[in-house]
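The values are calculated or read from the model by the stated rules, or taken from the named source; none is laboratory data. None of these values were measured; they are calculated from a predicted model. Here the Cβ is made from the backbone with ideal geometry for all residues, glycine too, and neighbour counts use every protein chain on show. Areas reflect the complete protein model, heavy atoms only, side chains present, ligands, DNA and RNA absent. Shrake-Rupley method; radii C 1.70, N 1.55, O 1.52, S 1.80 Å.
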Amino acid sequence: MAVLPDLSVDIGDLKLKNPVITASGTFGYGTELTPFFDPSLLGAIIVKGLSLRPMPGNPPPRIAETPCGLLNAIGLANIGIQAFIEEKLPVLTKIEAPVITNIYGHTVKEYADLAKKIEKVEGIAAIEINISCPNVEKGGIAFGTDPDTAAAVTERVVNNTTKPVIVKLAPNVTDITTIATAVESVGAKAISVTNTILGMAVDVTTRLPKLANIVGGLSGPAIKPIALYLVHKVVAAVTIPVIGLGGIMDYRDALEFLLVGARAIQVGTANFVNPKTAIEIVHGLTDFCSREKVSNINQIIGGLKTM
Amino acid sequence: MLADQSLVLKAPRYTFGYGKKMVEETVALKSNQQIGKNIWLMEFRSTLLASHAKPGQFLMVHLGERTKDPLLRRPFSIHGIQEGDKVMILYNVVGAGTSLLSSLKEHDIISVIGPLGNGFALPRPSERAILVGGGIGLAPLFFLAQVLQKDQRNTVTLFLGFSTSQEVVRIQQLEELGVNLSLTTEDGSLGFKGIVTDLLDQRLSNKGPIKSVIYACGPPQMLKKVAQKATTLSLRSYVSLEGYMACGLGICLGCAVKAAHGETKPYYYVCQDGPVFPSGMIDWEVL
Ligand SMILES: Cc1cc2nc3c(=O)[nH]c(=O)nc-3n(C[C@H](O)[C@H](O)[C@H](O)COP(=O)(O)OP(=O)(O)OC[C@H]3O[C@@H](n4cnc5c(N)ncnc54)[C@H](O)[C@@H]3O)c2cc1C
Ligand SMILES: Cc1cc2nc3c(=O)[nH]c(=O)nc-3n(C[C@H](O)[C@H](O)[C@H](O)COP(=O)(O)O)c2cc1C
Ligand code: FES
């Protein structure tokens, strides 16, 4: 019998049985897609972005489709950390894959408070921090657009938890590597690249924006080349592992990110189109490695050749 | 072939989600035909979907091959079930996705997920069911009429409004079901001239001797009037809403509708909490 390829990867101290993770906001609270597959087979699960208090989210329309892409302005609607811990986590912990919580705040202190709360509960393997949201103390400018603010948030979270901290970068910046190195220097254990890219769409008949929020975040295949480029740049700038995402629809897309140097990948918008995407990517990577006689996925990671 | 047989789906050791039956199935079309102005009827066979579906539930349909443009699945109500396992979708061609759908032929393959959402709460025995549809809003009401007529426990009255006679479809099939049918067209080319809620106003001027329940699907303005009418006559009413959906599965939180004041949540999600809602749950000011 052929020996199966080893798909396991390490994200710092976090050991994943394969590099396939579901992206925040596209996999609910982790159990909604169980009618389609067993999430225990995934590398890890990242749940919907959580805040200190429940958030209602934006008025509709919250989504609009654009060529090969999805624009969303959900407004980070979520049930709040407390309800998550009480209602969702007990079932989630039955899943045999690490559960990563994604968090966001409106002030640096809110991030720190979230980290403190999460630190006390079992069953959460790591914290991913979303820094693409507005900092109310700095006139609503996103935390992730300024290296100092990004570092300040990361540091406060790192100081309040023993769990590995992953920072999810915002792409709407002049030089993403300055943010990446800033968060690395204060103790981030990994970096996720990328969050959605700001965008708009207009209905020419009504002359209204297609989103009630006017602007939204673009995701899906439309952003894949940009995401790959950003991963490529960040991989070159830091020594901590980089998790790549943006427009991954199948195992070939995943391989592109791995070749560019991502240690793991996340599946986002694709979950909406085909709820089995993540598990099909696990299967696809297994088959690919077998076919290509790759015994360990780490032989692919960063394997981009030059012309 | 899968390299790792251990990765083949084993039944999860837990069931959560919403405890609802839903499947993803690849089906071959039995037929897909234009039956009115921009209106098409699609049919395929699925024992699983047909046996679990309830009137008011919907399907997320992937358009042919896994295209990246259009990217997302499109939601469609289940229009009816026939011959045991034949599932029908009645749809309006309005944009890129539905025109792609209309280009599919017999034997072409689509992927469907369903049945999704909550269906219509059926009337109690002896209650009169009043169905009000505007345009393509007929889609889920046909299925409801099918089920009610099969059970034979309720009188079914159907009010349907269209803008013009060329849009009027499925009338013969509705008559075969034996429902009391009233038609309106805005241009007067068929039936009562005007909008369907005007006719409803005329016919339903008072509560009447038999208790009625209203079921409505159509444009938001129509639903709003129906909801007001139901409130005035203190009748129960259920509306089937649309919302922009990315997933249909409760994971994107895209399909929000504002909940009425005093409800426990600020928003309801059409794919999970609906698409059928008691009309009192919705904030009609902002719909
Ligand atoms: C639960 C549910 C059940 C539905 N059932 C049916 C049905 O049985 N038959 C049917 O014909 N249609 C139904 N619809 C609407 C149908 O999903 C849309 O018409 C379809 O997605 C349009 O796709 P498109 O690519 O052709 O158009 P697009 O190019 O996406 O859009 C074309 C136009 O339609 C509008 N539109 C698109 N999607 C929606 C939406 N979800 N709600 C309101 N307006 C929209 C856009 O604003 C635009 O003006 C249903 C929608 C929902 C949410
Ligand atoms: C509907 C929706 C909701 C999202 N919610 C969150 C969130 O709560 N927190 C977060 O960090 N990212 C969120 N994202 C961003 C995704 O996790 C991901 O970074 C982005 O969509 C790019 O990947 P994709 O192209 O594979 O979707 C959301 C994306 C979408 C489409
Ligand atoms: S459509 Fe995604 S949550 Fe309802």
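Computed log10 I(q)/I(0) for segment A:9-299 at 0.07, 0.12, 0.14, 0.15 Å⁻¹: -0.23, -0.71, -0.99, -1.16, from the Debye equation with unit scatterers placed on every C-alpha and solvent omitted. Along segment A:131-136 the Karplus relation, 6.51 cos²θ - 1.76 cosθ + 1.60 evaluated at θ = phi - 60°, assigns HN-Hα couplings of 10, 8, 10, x, 8, 5 Hz to successive residues, with x for each Gly and Pro.
Using only side-chain charges placed at the Cβ, +1 for Lys and Arg and -1 for Asp and Glu, the dipole size of segment B:16-116 relative to its Cα centre rounds to 240 debye. In chain A, helical runs assigned H by DSSP with n ≥ 4 each contribute -39500 (n - 2.57); averaged across all residues and rounded to the nearest 500, the mean residue ellipticity at 222 nm is -8000 deg cm²/dmol.
Each of A:Leu218, A:Pro59, A:Ala83 was placed along the dipole of chain A (beta-carbon charges, centred on the mean Cα), and the one lying farthest toward the positive end is A:Pro59.
Given segment A:1-157, what percent of its DSSP beta bridges are antiparallel, to the nearest 5? If I count the DSSP bridges inside segment A:1-157, around 55 percent turn out antiparallel. Heavy atoms of the protein chains alone define the surface here; on that basis chain A has 38 Å² accessible area per residue at 1.4 Å probe size. Absence of a disulfide-compatible partner, taken as no other cysteine beta carbon within less than 4.7 angstrom, is noted in chain B for B:Cys217, B:Cys255, B:Cys271. Once you order the gyration tensor axes a ≥ b ≥ c over the Cα atoms, which shape class does segment A:37-96 get: rounded for a/c under 1.5, otherwise prolate or oblate by comparing a/b with b/c? Oblate is the answer for segment A:37-96, as a/c is 1.5 or above yet b/c matches or exceeds a/b. Label sites at B:Ser51 and B:Lys150, each approximated as a point 7 angstrom past Cα along Cα to Cβ, lie 1.4 nm apart. For chain B, the longest principal axis of the Cα atoms and the long axis of helix B:220-232 meet at an angle of about 50 degrees.
Note down the magnitude of the dipole of segment A:152-234 about its Cα centre, charges +1 on Lys and Arg C-beta and -1 on Asp and Glu C-beta and zero elsewhere, to the nearest 20 debye. I would put it at about 180 debye. Phi angles across segment B:187-198 convert, under the Karplus curve 6.51 cos²θ - 1.76 cosθ + 1.60 with θ = phi - 60°, into 3J(HN,Hα) values of 8, x, 6, 7, x, 5, 8, x, 9, 5, 6, 5 Hz, Gly and Pro given as x.
Could you work out the local net charge near B:Tyr268, counting Lys and Arg as +1, Asp and Glu as -1, over the other residues with Cβ closer than 11 Å to its Cβ? Net local charge, B:Tyr268 excluded: -1. How would segment A:1-158 be classified by its alpha-carbon gyration tensor: rounded, prolate or oblate, with rounded meaning a/c under 1.5 and the a/b versus b/c comparison settling the rest? Verdict is prolate for segment A:1-158.
The dipole here belongs to chain B: it is taken about the Cα centre, uses +1 on the Cβ of Lys and Arg and -1 on the Cβ of Asp and Glu, and is about 680 debye.
The string of couplings for segment A:269-286 from the Karplus curve (6.51, -1.76, 1.60, θ = phi - 60°) is 3, 4, 4, 6, 6, 9, x, 9, 3, 4, 6, 5, 5, 4, 4, x, 5, 4 Hz, one whole number per residue in order, with x for Gly and Pro. Each pair of Cα atoms in segment B:241-287 enters the Kirkwood radius, and Stokes-Einstein at 37 °C and 0.692 mPa s then converts it into a translational diffusion coefficient of 310 µm²/s. In segment B:109-195, a dipole from Cβ-located charges (positive for Lys and Arg, negative for Asp and Glu) runs towards its positive end, and of B:Ser189, B:Leu144, B:Leu174 it is B:Leu144 whose Cα lies farthest in that direction. Shape summary of segment A:208-304, radius of gyration then Dmax from alpha carbon positions: 14.9, 54 Å. Cβ-Cβ distance of B:Asp85 and A:Ser185, R₀ of 56 Å, FRET efficiency by 1/(1 + (r/R0)^6): the value works out to about 0.35. For segment A:9-299, DSSP calls about 45 percent of its internal beta bridges antiparallel. Note on segment B:99-115 and segment B:216-269: Cα centroid distance 28 Å, given to the nearest whole angstrom.
Using r as the Cβ-Cβ distance of A:Ala236 and A:Gln299, and R0 as 35 Å, what FRET efficiency do you calculate, to the nearest 0.05? Show your work: numbers first, answer last.
Working: r = 20 Å, r/R0 = 0.57.
That gives a FRET efficiency of 0.95.
Across the protein assembly as shown, Cα-Cα distances exceeding 40 Å account for 30% of all pairs.
The calculated FRET efficiency for B:Glu24 paired with B:Asn206, based on their beta-carbon distance and R0 = 35 Å, is about 0.15. Of all the Cα-Cα pairs you can form in segment B:16-116, what percent are over 21 Å apart? Summing the P(r) tail past 21 Å for segment B:16-116 gives 27 percent.
Classify chain B: rounded, prolate or oblate, from the alpha-carbon gyration tensor (a ≥ b ≥ c, eigenvalue square roots; a/c under 1.5 rounded; otherwise prolate if a/b is larger than b/c)?
Since a/c reaches 1.5 and a/b is larger than b/c, the shape of chain B is classed as prolate.
Ellipticity at 222 nm from helices only: DSSP H runs of n ≥ 4 in chain B, each -39500 (n - 2.57), divided by the residue count, give -5500 deg cm²/dmol. The gain in end-to-end length when the A:Lys15 to A:Arg53 segment is fully stretched comes to 10.6 nm, 0.36 nm per residue minus the alpha carbon separation. Candidates A:Val173, A:Thr286, A:Gly268 compared by Cα position along the dipole of chain A: farthest toward the positive end lies A:Val173, with charges placed on Cβ. Within segment B:120-239, antiparallel bridges make up roughly 0 percent of the DSSP beta bridges whose residues both belong there. Residues of segment A:132-173 with an amide N closer than 14 Å to a point placed 7 Å from the Cα of A:Lys109 along the Cα-to-Cβ direction: A:136-138.
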